[in-house]
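Trainee: To start, I am sharing the structure in question, which I have written as structure tokens.
The values are calculated or read from the model by the stated rules, or taken from the named source; none is laboratory data. Just so it is clear, the structure is predicted and the values come from calculations on it, not from any experiment. We place every Cβ from the backbone using ideal geometry, glycine too, and count neighbours over all the protein chains shown. The area values use the complete protein model at the heavy-atom level, side chains included, leaving out ligands, DNA and RNA. Shrake-Rupley method; radii C 1.70, N 1.55, O 1.52, S 1.80 Å.
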Amino acid sequence: MFFAAEGGATGLALFTLAPAVLAAPISACTTWLSMPLLQRYALARPNARSSHRIPTPQGGGIAVIAATLLVAGSLAGIPLPLIGSAVLIALVGLVDDIRPLPVWLRLLLQAAAVAAVVFTAPETLRIVPALPLAAERALILIAGIWFVNLVNFMDGLDLMTVAEVVPVTAALGLLGWFGDLSLPAALLATALCGAMLGFAPFNKPIAKVFLGDVGSLPIGLLLGWCLLELAWHGHAAAALLLPAYYLADSTITLFRRIARREQFWSAHRSHFYQRATDNGFTVRQVVGEVFALNLVLAMLAIVAVRAGSAAITAVSLLAGAIAVAFLLRRFSRPQAP
């Protein structure tokens with residue numbers, strides 16, 4: 001392999017970094033080329049629950065997913081069920097971007113895609129060996145469906161998903177270089193990181209194009225698989241720390257809406273990051289603070305993995321929870337004049 005020819009850690013680092021370098025220009029060029037078509041067929045018009053003010057094309061995620069799968073698929077042994085499931089979910093998202101699908105159909109197809117990934121994994125891969133395998137896989141299936149959707153729910157501001165995915169995938173790539181994550185997962189993560197960086201210039205405020213469901217849904221699947229691989233390698237705490245902000249914001253918001261007997265599956269503006277813009281934060285402030293928090297969470301996750309200590313892992317989890325709670329509280333309060 002490439003890193004063997006180069007020799008040692010330097011070759012491995014270059015090999016791990018290569019997907020990002022390759023995916024970024026592919027994503028950028030494909031986004032630019034697809035924009036006229038998206039402008040014509042996939043225009044997102046503002047409504048009372050939107051964060052944008054002018055009609056904006058959506059579907060830029062086509063470029064992100066295409067670049068990620070093309071590069072990662074050519075460099076590493078990405079499981080075929082994962083590739084097929086990502087394509088399926090992307091197609092579901094594409095159709096939904098153009099003509100909304102019934103909720104039950106979307107969930108059914110998402111469940112099928114996640115199940116194809118979860119139940120084809122080797123039985124030796126376990127997170128909690130004390131649980132029966134069937135029970136553990138069922139729980140992972142439910143978590144996977146939720147993770148796919150929460151990335152979609154949280155993709156409601158310009159650059160928001162970039163601010164989430166780039167630090168998480170960069171950390172996963174670094175952990176792959178250290179040998180704490182399988183090489184296929186590390187290469188997929190760095191390819192996704194590069195693809196998101198290539199998309200970022202088109203999505204910065206004020207965005208010229210949105211990811212759309214065609215991007216956010218498969219991004220959730222691919223990122224979720226990378227985090228699952230990290231948990232399967234004995235680093236469940238790090239797998240929770242890395243996406244902790246998205247998990248907390250979306251899950252707390254879901255339970256609050258259920259408690260209020262709202263139609264929790266419908267569009268809304270009650271996420272903490274959405275309330276922040278209503279409370280006087282600018283889009284750039286919200287995204288910047290989420291990005292900074294994710295850098296802190298990435299650092300804590302890497303420390304927890306590399307230290308190999310239960311005490312340090314516990315401290316890292318506590319510090320991450322405090323940091324996330326601080327930002328959620330900050331977003332939920334009006335900005336001082």
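Trainee: Restricting attention to region 146-159, does a residue exist that is closer than 29 Å to Arg45 by Cβ, β-branched (Val, Ile, Thr), open to solvent by less than 10 Å² (accessible area, probe 1.4 Å) and not in a helix (DSSP H, G or I)?
Mentor: no
Trainee: Moving to a separate point now. Given the criterion more than 30 Å from Ala236 (Cβ to Cβ), of a type in the set (A, V, I, L, M) and touching a Leu at 6+ places or on another chain (Cβ under 6 Å), identify the matching residue among Val287, Val283.
Mentor: Just a single option satisfies the conditions, and that option is Val283.
Trainee: Scan (1) open to solvent by 20 Å² or more (accessible area, probe 1.4 Å); (2) under 22 Å from His233 (Cα atoms); (3) part of a loop (DSSP other than H, G, I, E, B) for the single condition Leu181 breaks and write down its number.
Mentor: Just one mismatch for Leu181, condition (1).
Trainee: Next up: Test each condition in (1) among the basic types (Lys, Arg); (2) at pLDDT 95 or above; (3) open to solvent by 20 Å² or more (accessible area, probe 1.4 Å) for Arg99 and report the one that comes out false.
Mentor: All conditions pass for Arg99, except number (2).
Trainee: Is one or more of the residues making up region 112-128 part of a helix (DSSP H, G or I) and closer than 22 Å to Asp158 by Cα?
Mentor: No, region 112-128 contains no residue that is part of a helix (DSSP H, G or I) and closer than 22 Å to Asp158 by Cα.
Trainee: Out of the residues in region 188-208 meeting the condition of being at pLDDT 95 or above and more than 22 Å from Gly77 (Cα to Cα), tell me which one is most open to solvent (accessible area, probe 1.4 Å).
Mentor: If we take residues in region 188-208 being at pLDDT 95 or above and more than 22 Å from Gly77 (Cα to Cα), then Leu197 is most open to solvent (accessible area, probe 1.4 Å).
Trainee: Would you check which residues across region 53-81 are in a helix (DSSP H, G or I), crowded, with 24+ Cβ neighbours inside 10 Å and not β-branched (Val, Ile, Thr) and list them?
Mentor: Within region 53-81, Gly61, Ala63, Ala67, Ala72 qualify.
Trainee: If you go through region 102-118 one residue at a time, how many are free of Cβ contacts under 8 Å to residues at least 24 places away in the same chain and loosely packed, with under 15 Cβ neighbours inside 10 Å?
Mentor: Selection size over region 102-118: 4.
Trainee: Which residue pairs have Cβ atoms under 6 Å apart, sit 6 or more places apart or on different chains, and have a first residue in region 302-315 that is free of Cβ contacts under 8 Å to residues at least 40 places away in the same chain and a second that is surrounded by 13 or more Cβ atoms within 10 Å (Cβ to Cβ)?
Mentor: From residues that are free of Cβ contacts under 8 Å to residues at least 40 places away in the same chain, the pairs are Val303/Ser316.
Trainee: Would you check which residues across region 245-271 are within 15 Å of Val151 (Cα to Cα), open to solvent by less than 20 Å² (accessible area, probe 1.4 Å) and not in a loop (DSSP other than H, G, I, E, B) and list them?
Mentor: Answer for region 245-271, where residues must be within 15 Å of Val151 (Cα to Cα), open to solvent by less than 20 Å² (accessible area, probe 1.4 Å) and not in a loop (DSSP other than H, G, I, E, B): Tyr245, Tyr246, Asp249, Ser250, Thr253.
Trainee: So, Phe281, is that one in contact (Cβ under 8 Å) with a residue 40 or more places away in the chain and touching an Asp or Glu at 6+ places or on another chain (Cβ under 6 Å) or not?
Mentor: For Phe281, the condition - in contact (Cβ under 8 Å) with a residue 40 or more places away in the chain and touching an Asp or Glu at 6+ places or on another chain (Cβ under 6 Å) - is not met.
Trainee: So, of the residues in region 120-145 that are open to solvent by 50 Å² or more (accessible area, probe 1.4 Å) and within 21 Å of the chain's Cα centre (by Cα), which turns out to be farthest from Ser250 (Cα to Cα)?
Mentor: Within region 120-145, the match that is farthest from Ser250 (Cα to Cα) is Ile127.
Trainee: Mind listing whichever residues of region 199-245 are over 14 Å from the mean Cα position of the chain (by Cα) and among the polar types (S, T, N, Q)?
Mentor: The one that is over 14 Å from the mean Cα position of the chain (by Cα) and among the polar types (S, T, N, Q): Asn203.
Trainee: Follow-up question, since we're still on this one. Just checking, how many residues over region 272-282 are open to solvent by 30 Å² or more (accessible area, probe 1.4 Å) and hydroxyl-bearing (Ser, Thr, Tyr)?
Mentor: The number of residues fulfilling the criteria is 2.
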